[in-house]
Amino acid sequence: LTTLREIGQEDNTVIVFTSDHGEGLGSHRWTGKMMFYDDEAAVPLIVSWKGVTPAGRIDREHLVSTLDVLPTLCDYAGIQPPPAMRGESLRAVIEKPGQPGHEFVVSEMAGGGAGRSGRSFMVRTKQYKYMFFPGAERAEMLFDLEADPGEMKNLADEKALAAELGRHRQFLAQWK
């Protein structure tokens, strides 16, 4: 940042800060990266462009994916992203937070997580998180992140949430 200021490019540079997944740090008795709990799956994302993006705004409303980073940078650069990209530009929600954004985001993991075979998936909506582990004894998990932000009570078998479970299954099928 200092160098950008020194060379006069601070006003002409989009800065993106993000990271790889978390490590769990003992949450849910996990110390690795092979699960979709927020302690492992959530990562920071900061996008800043002096004079363009709102300074100091923290957005906890919009769902984003790291797949959105490249299309966002392409949008700010005025170029088309590669056609096979699954992410979408975040520019609209960055500059005008009233925009709707993603209805859901998906994360996938090779190896199925926790030593399982196949690919496992997480579908995140504003209120819920759905996890699917093919071939596992407990293949599905559903969490209400508003009522249970620690992801402690799996609601996948709750009859009252059957429609919500089905909706998340449909999102995953759409993604695939």
Could you work out the helix-only [θ] at 222 nm for the chain, with each DSSP H run of four or more residues adding -39,500 (n - 2.57) and the total divided by the number of residues, to the nearest 500 deg cm²/dmol? -5500 deg cm²/dmol
Top positive-direction residue, dipole computed over the chain with Cβ charges, set 145, 37, 161: 161
Rounded to whole Å², per residue accessible area for the chain with a 1.4 Å probe reads 61 Å²
I'd like to know which of 48, 82, 173 lies farthest towards the positive end of the charge dipole of the chain, counting +1 on Cβ of Lys and Arg and -1 on Cβ of Asp and Glu. 173
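Could you check how much of the accessible area of the chain is carbon and sulfur, as a whole percent, using a 1.4 Å probe?
C and S atoms contribute 53 percent here.
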Inter-label distance, nm, simple model (7 Å from Cα along the C-beta direction), residue 7/residue 119: 3.8 nm
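The values are calculated or read from the model by the stated rules, or taken from the named source; none is laboratory data. In this text the structure is predicted, and so the values were computed from the model without any measurement. As a convention, Cβ positions derive from the backbone with ideal geometry for all residues, glycine included, and neighbour counts pool all protein chains shown. Keep in mind that these areas ignore ligands, DNA and RNA; they rest on the heavy atoms of the full protein, side chains included. Shrake-Rupley method; radii C 1.70, N 1.55, O 1.52, S 1.80 Å.
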